[in-house]
Amino acid sequence: MNCLEFRRQLAVDPKTRDAVFLQHKQECPRCAEAHARAMSFEASLAEAIAVPVPANLADRILFAQATEQRNQARMNRGRNRGRWMQYAAAAMVLIALGVVGYSRWNRPVLADLAIAHLAGEPLAMTSHAAVPDALVQREFGMRASITMPNVPTGVTYLSDCPLGPYHIVHMAMAQDNDPVTVMYVADHHQAERRDFNQTGWFGREIPLGAGTLVLLGKSAQSFDHLETVWRDAVNGPRLTGL
Amino acid sequence: MTVTPVILPVSSKQRQFDALVRTLSGDLYRYAYWLCRDNALAQDLVQETFLRAWRSIDSLRESDAAKAWLITILRREHARLYERKTPPVSDISEIDVQDESGMTPERAGESGMIRAAMLQLEPKYREPLLMQVLGGFSCDEIARELNLSGAAVMTQLFRARQKLKAVLLGKDEAELYELP
Ligand SMILES: [Zn+2]
Ligand SMILES: [Zn+2]
């Protein structure tokens, strides 16, 4: 290989492992210098191409795939067909609206999952019968290893559900005429407490115990109250005056 | 009232898929980003690509070939879904908010300049470069994928780098330093 051939190769495929190319680099100091400059440019190029990847991208993809899988499995079994068709239809709408399929850089992923999940479970918001405390205690014990001597009053719906890659205790609580969804994500601890407001929903994510409590409602009116009662239920009541 | 979730056994297929998503979704996103130059479209495109990949994961024989295989699927999906939706270049400045933390100012400056130049690069130059740098394709593989001659691919790779270097170094200098 002569210098011209080396420089051509260098300009086209600088990272080639071609033996003849590497040999010329060893033998020719001027080409070795050109090679070093090219490597420095390649480093800048690689850095420029490596744009930041949105957080939770992999989780979103796995969530979408799990949803597809689950729908497939349900359909194949032909069980609960009506309910899951309804779920699939709701999911399609949400995907079309861009709620689940993709979203902007910093939208919290739990919020997306929770809103999408709710659309698939319309019964959750319409039940009014009080759920016995013992059932709530059993769910928290089983799903989150939480002993809860005092269950907040007003739980009207209880189900344990998958939520994307996570597992939740899914509840609804009657708050005047404005039911609030309460989800306890047992296996995901959100680093920060935060409020969100998207696609017509108010929400709050609260790190609690080893997991995260998510509140979701058409208004945020009762969030402060609910946050307090659930903190007390999970952590035990705070001692005042200390 | 309690609905017991269906627990499906985690298959080796599922484990393989999880590993692909965890290790390759970042580079796939970057490829998609430079292809459609839009964050939201790029995320959607990557998700669609992986869903397709899942449906035909049995056709993936060696995991070494996974990245090239996924990029091929992604390119097809892009052509099918988004080619017409790609925003014009003038819209991009607002979207292109980048996190330069962790870079030296000099590097950050260079990266910014190269990114700006990449956005302006014609697709016929940008794509072979992405396939080579991000996808790890050889010249022959790029030629096969793009239906071009090997010589044409080499010319495009050469010109793509020339154009980007010209931005960093000034045009004349870039030309000087490639040709002895
Ligand atoms: Zn030489
Ligand atoms: Zn549920």
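Between residue A:194 and residue A:22, how many nm apart are label points set 7 Å from Cα along the C-beta direction?
4.7 nm
Could you give each residue of the stretch A:164-181 its phi-based ³J(HN,Hα) in whole Hz, using Karplus coefficients 6.51, -1.76, 1.60 with θ = phi - 60°, and x for Gly or Pro?
Going residue by residue, I get x, x, 10, 10, 10, 8, 9, 9, 10, 10, 5, 10, 6, 9, 10, x, 10, 7 Hz, with x marking Gly and Pro.
Within the set B:67/B:165; A:25/B:67; A:15/B:13; B:13/B:67; A:25/B:124; B:124/B:163, which residue pairs have Cα atoms separated by over 22 Å? Could you put the intermediate results ahead of the total?
Working: B:67/B:165 27 Å; A:25/B:67 30 Å; A:15/B:13 34 Å; B:13/B:67 17 Å; A:25/B:124 30 Å; B:124/B:163 13 Å.
Where the Cα-Cα span goes over 22 Å, the pairs concerned are B:67/B:165; A:25/B:67; A:15/B:13; A:25/B:124.
Working only with C-alpha atoms, what are the Rg and Dmax values of the stretch A:110-235, expressed in angstrom?
12.9, 36
Just grab the label-to-label distance for residue A:73 and residue B:62, each label 7 Å out from Cα along the Cβ direction, in nm (one decimal).
Simple spin-label model gives 3.4 nm for this pair.
Can you tell me how much longer the chain between residue B:140 and residue B:81 gets when fully stretched, taken as 0.36 nm per residue apart minus their C-alpha distance, in nm with one decimal? Walk me through the numbers before you get to the answer.
Working: separation 59, 0.36 × 59 = 21.24 nm, distance 2.69 nm.
Going from the current span to full extension adds 18.5 nm.
Two-decimal Rg/Rh of the stretch B:13-89 from alpha-carbon positions, Kirkwood Rh? Intermediate results must be reported in sequence, preceding the final value.
Values: Rg = 12.3 Å, Rh = 12.6 Å.
My calculation of the ratio gives 0.98.
Which order results if A:25, A:218 are arranged by neighbouring Cβ count within 10 Å, fewest first?
Listing A:25, A:218 from fewest to most nearby Cβ atoms yields A:218, A:25.
Shielding by partners for B:42-51, please: the mean number of other protein chain Cβ atoms within 10 Å of each residue's Cβ.
Details: counts 5, 10, 5, 1, 7, 11, 4, 1, 7, 5.
Mean shielding count: 6.
If each of residue B:16 and residue A:218 carries a label point 7 Å out from its Cα toward its Cβ, how far apart are those two points in nm?
About 4.9 nm separates the two model spin labels.
Tabulate in residue order the Karplus-calculated ³J(HN,Hα) for the stretch A:197-212, using 6.51 cos²θ - 1.76 cosθ + 1.60 with θ = phi - 60°, rounded to whole Hz; enter x for Gly and Pro.
8, 8, 6, x, 10, 9, x, 9, 10, 10, x, 8, x, 8, x, 9
Which order do A:35, A:128 fall in if you start with the one that has the fewest other Cβ atoms within 10 Å?
Values: A:35 19, A:128 9.
In order of increasing Cβ crowding within 10 Å: A:128, A:35.
Please state, rounded to one decimal and in Å, the Kirkwood hydrodynamic radius that the stretch A:3-49 gives when every pair of distinct Cα atoms enters the mean of 1/r.
Details: mean 1/r = 0.0925 Å⁻¹.
It works out to 10.8 Å.
By counting other Cβ atoms within 10 Å of each Cβ, how are A:133, B:64 ranked from fewest to most?
Numbers: A:133 15, B:64 9.
The most exposed by this proxy come first: B:64, A:133.
Quick note: the coordinates plus some simple rules give every number you see, no bench work behind them. Since we're looking at a predicted model, the values are computed, not measured. Glycine also receives a Cβ, built like all others from the backbone with ideal geometry; neighbour counts cover every protein chain displayed.
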